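> Below you'll find the structure I mean.
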Amino acid sequence: MLTKFKQLFAQVDMTQGRPWEKIIAFTIPMLIGNIAQQLYNTVDSIVVGKYVGDNALAAVGSASPMLNLLLVLFVGISMGASIMVSQYFGSRDRENLSRTIGSTITLTAAASVFLMVFGSMIIRPVLHMLNTPDSIIDWCASYLFILLIGIGGVAYYNILCGVLRGLGDSLSALVYLLIATIINIVLDVWFVAGLNMGVSGVALATVIAQVISAILCVFKLRRMTDLFDMKIKYLKPNKGNLMTVLSLGLPSGVTQAIFSLAMVVVQSLTNSFGEIVIAANVIIMRVDGFAMMPNFSFGTAMTTYAGQNVGARKLDRVRQGAKQGTLIAVGTSAVITGIIVVFGHLLMGIFTNTEELVNLSADMMKILAVGYIAMAVTQSLSGVMRGAGDTMTPMWISMITTVIIRVPLAYGIAAVTRTPELPQGRYQCIWISLLISWVLGAVMTLVSYRAGRWKKTAVGE
């Protein structure tokens with residue numbers, strides 16, 4: 001029994017066995033973990049919406065695009081480290097694996113200090129630039145400030161989870177996250193409903209929970225001595241490993257930056273429609289976070305799968321797994337789309353008791369529903385390309401769909417639908433533009449995958 005329990009928490013070697021079985025076995029705990037992580041922001045929204053009010057709900061949502069933009073550096077480090085770790089794990093290169101993990105830990109510390117100082121200085125100027133309503137700007141600022149002070153915990157948890165996944169261990173991160181999620185929920189209710197701390201309370205609860213998750217990840221990595229060495233000498237930055245992490249990860253960071261910047265720009269448009277549309281967008285994005293989780297989970301699983309098999313020089317196996325994994329992801333998203341269409345009003349009612357807000361959110365969510373199937377293709381095949389070391393192609397696709405298509409389309413639809421009754425245009429432009437960008441992104445990703453540039457970009461090739 002003890003042996004089976006230990007095997008459950010062991011790393012997964014994805015270079016052996018049937019691809020679809022390995023992909024599903026790796027994805028399921030990671031999916032549960034991603035859903036649990038999404039609960040952080042969702043519980044924040046539910047608690048402030050129910051106990052403080054719709055304006056507080058709008059404040060938390062308005063702060064999210066700016067926070068995501070500030071976190072792009074960590075996205076890049078996490079992706080670069082995960083790709084290198086998975087490929088070195090696949091090739092059984094213990095020395096480079098140890099150097100990569102050590103350098104990543106040091107780089108994360110430096111990035112955390114920089115972001116904590118820089119981010120705290122620009123919070124209010126950026127919120128004013130985004131036309132954040134005066135009724136919610138103070139809440140937005142306090143929420144962001146607390147999260148930035150505790151940014152180290154958020155950063156280390158996400159980056160160390162990327163390392164664990166690169167090693168094929170998605171289950172340990174799940175267990176640690178579930179523990180932290182329970183703590184987060186309890187603290188949310190206590191700080192907001194019990195101590196009346198408002199928006200600041202949910203931010204503090206999130207920071208505490210993420211710090212606990214990061215500490216648990218460190219303890220797990222220190223016990224994995226059969227795979228790599230976590231010694232002081234490896235914490236010294238290694239120029240070669242750092243440059244590789246950054247060269248692989250920065251395109252993914254830039255991708256996230258582009259997406260986040262677009263969200264910030266579109267948030268300014270959203271703010272122009274008033275508090276009710278802002279709050280509706282918050283609810284939609286929270287439900288969207290759950291609906292997108294399978295796609296993100298399969299994408300990350302495909303990155304690890306491709307990375308390990310590229311490291312083992314098994315390109316035929318990469319192609320086989322890419323096909324099987326994408327089909328499973330598409331089927332999963334089709335089911336989710338059906339649930340959103342049928343149960344949309346019930347889902348939206350979790351966040352608010354305001355009937356107008358529930359109806360508006362449910363109607364707009366139906367616009368996005370089919371797009372999740374398209375995103376299943378995009379995330380899965382982008383994951384394969386990133387795992388093979390081709391992080392540039394997904395970056396360019398994201399740049400085109402977001403900067404050239406989504407943002408201009410949103411503002412364009414708003415402009416052409418302006419009337420005396422609707423001086424800002426139709427608010428549906430926010431979600432119609434997003435749907436169109438998702439569908440076109442899936443087409444471009446499929447064409448790029450078949451073009452095969454990813455086969456030439458593996459680490460060490």
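> Can I get the semi-axes of segment 42-167's equivalent ellipsoid? Compute them from the C-alpha gyration tensor as square roots of 5 times the eigenvalues, in angstrom, largest first.
So the three semi-axes of segment 42-167 are 35, 15, 10 Å.
> If you fit an axis through the alpha-carbon atoms of helix 199-222 and take the longest principal axis of the Cα set of the chain, what angle between them do you get, 0 to 90°, nearest 10?
10
> Distances longer than 18 Å among the Cα atoms of segment 151-232: what percent of all pairs is that?
Cα-Cα pairs in segment 151-232 separated by more than 18 Å: 46 percent.
> If you take the beta carbon distance between Val218 and Ile404 as r and set R0 to 41 Å, what does 1/(1 + (r/R0)^6) give as a FRET efficiency, to the nearest 0.05?
0.50
> Accessible area of the chain with a 1.4 Å probe: how many percent of it is carbon plus sulfur?
Roughly 68 percent, rounded to a whole number.
> Let me ask something additional. If you project the alpha carbons of segment 305-461 onto the principal axes, what extent comes out on each, in Å, largest first?
Projected onto its principal axes, the Cα set of segment 305-461 covers 61, 32, 20 Å.
> Looking at segment 372-419, what % of the alpha carbon pairs are farther apart than 13 Å?
Value for segment 372-419: 65 percent of Cα pairs lie more than 13 Å apart.
> Also, quick follow-up: More than 24 angstrom separation, counting every C-alpha pair in segment 211-367; what % is that?
60
> Now a separate question. Could you work out the helix-only [θ] at 222 nm for the chain, with each DSSP H run of four or more residues adding -39,500 (n - 2.57) and the total divided by the number of residues, to the nearest 500 deg cm²/dmol?
-27500 deg cm²/dmol
> Taking every eigenvalue of the Cα gyration tensor of the chain, multiplying by 5 and rooting it, what semi-axes result, largest first, whole Å?
Semi-axis lengths for the chain are 35, 25, 21 Å.
> If you don't mind, there's one more thing I want to ask. What whole-number volume per residue, in cubic angstrom, does the convex hull of the C-alpha atoms of segment 388-461 give?
Residue-normalised Cα hull volume stands at 69 Å³.
> Under the 0.36 nm per residue contour assumption, what length would be gained going from the current alpha-carbon distance of Lys233 and Val370 to full extension?
Fully extending the segment from Lys233 to Val370 adds 44.3 nm.
> Sticking with this structure for a sec: Between segment 89-165 and segment 250-306, what's the alpha-carbon centroid distance in Å?
17
> Based on Cα coordinates alone, diagonalise the gyration tensor for segment 316-409, multiply each eigenvalue by 5, take square roots, and list the semi-axes in whole Å, largest first.
In descending order the semi-axes read 32, 18, 9 Å.
> Then there is this: Just order 321-329, 443-451 by mean Cβ neighbour count inside 10 Å, highest at the front, would you?
With the highest mean Cβ count within 10 Å placed first, the list reads 321-329, 443-451.
> Per residue, how many Å² of accessible area does the chain show with a 1.4 Å probe?
Counting only protein heavy atoms, the per-residue value for the chain is 40 Å².
> Kirkwood hydrodynamic radius for segment 206-282: how many Å is it when counted over pairs of different Cα atoms?
16.8
The values are calculated or read from the model by the stated rules, or taken from the named source; none is laboratory data. Bear in mind that the values here come from a model prediction, so they are computed numbers and not experimental data. Neighbour counts run over all protein chains shown; Cβ positions are idealised from the backbone, glycine included. Side chains included, ligands, DNA and RNA excluded: accessible areas come from the protein's heavy atoms. Shrake-Rupley method; radii C 1.70, N 1.55, O 1.52, S 1.80 Å.
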